[in-house]
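Here the structure is laid out as structure tokens; the discussion comes afterwards.
The values are calculated or read from the model by the stated rules, or taken from the named source; none is laboratory data. Predicted model only: the values in this text are computed from it and were never measured. Every residue, glycine among them, receives a Cβ derived from its backbone with ideal geometry; neighbour counts consider all protein chains shown. Keep in mind that these areas ignore ligands, DNA and RNA; they rest on the heavy atoms of the full protein, side chains included. Shrake-Rupley method; radii C 1.70, N 1.55, O 1.52, S 1.80 Å.
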Amino acid sequence: MIFHPIDIDSWSRKPYFEHYLNRVRCTYSMTAPIDITLLRKELKSRGMKLYPALIHMIATVVNRHREFRMGMDAEGRLGCWDRMTPAYTIFHEEEKTFSSIWTPFSESFGTFHARCLEDIESYRNAEGLFPKPDEPPNAFPISSIPWVSFTGFNLNIYNEGAYLLPIFTMGRYDEQDGRTRLPISAQFHHAVCDGYHAGVFFNEMQGLADDCESWLAG
């Protein structure tokens, strides 16, 4: 992983970045349903799990676009990671708590699926919020609320407002009229992502679900 600093003064997005970071600090959330009818069918036929597939899809879209890989390094410099790692939640049924773990991303779904299931199994009885050590600085958060098929979801982060990476939350899928739809909420920082970029994310997620046969075998 490499962090590429951005020269703000020569950056075409400079006025937007400065406005939404310094003058009107602004994040926003958007929730949309993804039709996963074909995806569930194909995963079932291959004996594969849905959660790793959804994590892989989100990470695939994030790694395609610079706007979703923007952040600050330890020195406070604005920049872009060349590659992102998904950090995702797992639920502990007995204690009704959760942990956040991470799995290195691979463009090969088969490779990622195996790694993800191995990590989930290794930490399924773990204690603490971050039981897997050495989470890389290029990790971005994904969580799941599989008990509710929500139509809207909003996070409120009380810090200096400079967390630029997107945050994703999945809900419970719903079956209706022969179709299966799963809500996904994405939170973006307006300093680096506009409504257009949110549209790109959701449209590409749906595209991956529709074209799942082409990458599930990879």
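Couple of notes before you dig in:
- Shown for region 176-215 is the translational diffusion coefficient from the Stokes-Einstein equation, using the Kirkwood radius over Cα pairs, a temperature of 4 °C and a viscosity of 1.567 mPa s: 108 µm²/s.
- Span-rule helices in the chain, defined as complete DSSP H runs reaching 15 Å or more along the axis (Cα) with Kyte mean at least -1.0: 50-64, 109-122, 195-210
- Once the 1.4 Å probe is applied to the protein heavy atoms, region 3-217 comes out at 52 Å² accessible per residue.
- For region 1-153, the share of accessible area belonging to carbon and sulfur comes to 52 percent (1.4 Å probe, ligands and nucleic acids excluded).
- For region 47-119, trypsin sites (Lys or Arg not before Pro) meeting the loop criterion (DSSP other than H, G, I, E, B) and having at most 10 other Cβ atoms within 10 Å: LYS96.
- Virtual spin-label span in nm between ASP194 and TRP215, 7 Å along Cα→Cβ: 2.5 nm
- Listed values for region 18-25 are Karplus-derived 3J(HN,Hα) couplings in whole Hz (6.51 cos²θ - 1.76 cosθ + 1.60, θ = phi - 60°), namely 5, 5, 7, 9, 10, 9, 10, 4, and x replaces Gly and Pro.
- For LYS44, the aspartates and glutamates whose Cα falls under 15 Å of its own Cα, not counting residues fewer than eight places away in the same chain, are GLU213.
- Square roots of five times the Cα gyration tensor eigenvalues for region 99-193, Å: 23, 22, 14
- Per-residue ³J(HN,Hα) for region 142-148, Karplus 6.51 cos²θ - 1.76 cosθ + 1.60, θ = phi - 60°, Hz, x for Gly and Pro: 10, 9, 9, 10, x, 9, 9
- Computed helical MRE - 222 nm, the chain, DSSP H runs ≥ 4 contributing -39500 (n - 2.57), nearest 500: -9000 deg cm²/dmol
- Of the GluC sites (Glu not before Pro) in region 104-162, the ones in a loop by DSSP (not H, G, I, E or B) with at most 15 other beta carbons within 10 Å are GLU107, GLU127, GLU160.
- FRET efficiency estimate (nearest 0.05) - Cβ-Cβ, GLU135 to LYS14, R0 35 angstrom: 0.70
- Debye-sum result for region 3-217 in log10 I(q)/I(0), which assumes one identical scatterer on each alpha carbon, at q = 0.10, 0.11 Å⁻¹: -0.45, -0.55
- Summing Lys and Arg as +1 and Asp and Glu as -1 over all other residues whose Cβ lies under 13 Å from the Cβ of ASN203 gives a net charge of -3.
- Length gained on full extension, ALA126 to PHE98: 9.2 nm, using 0.36 nm per residue less the C-alpha separation.
- Note on region 37-132: Rg/Rh from C-alpha atoms, Kirkwood Rh, equals 1.02.
- Neighbour cut-off at most 13 other Cβ (10 Å), DSSP loop, chymotrypsin sites (Phe, Trp or Tyr not before Pro), region 97-163: TRP147, TYR158
- When region 1-93 is reduced to its Cα atoms, the Kirkwood hydrodynamic radius in Å: 16.4 Å
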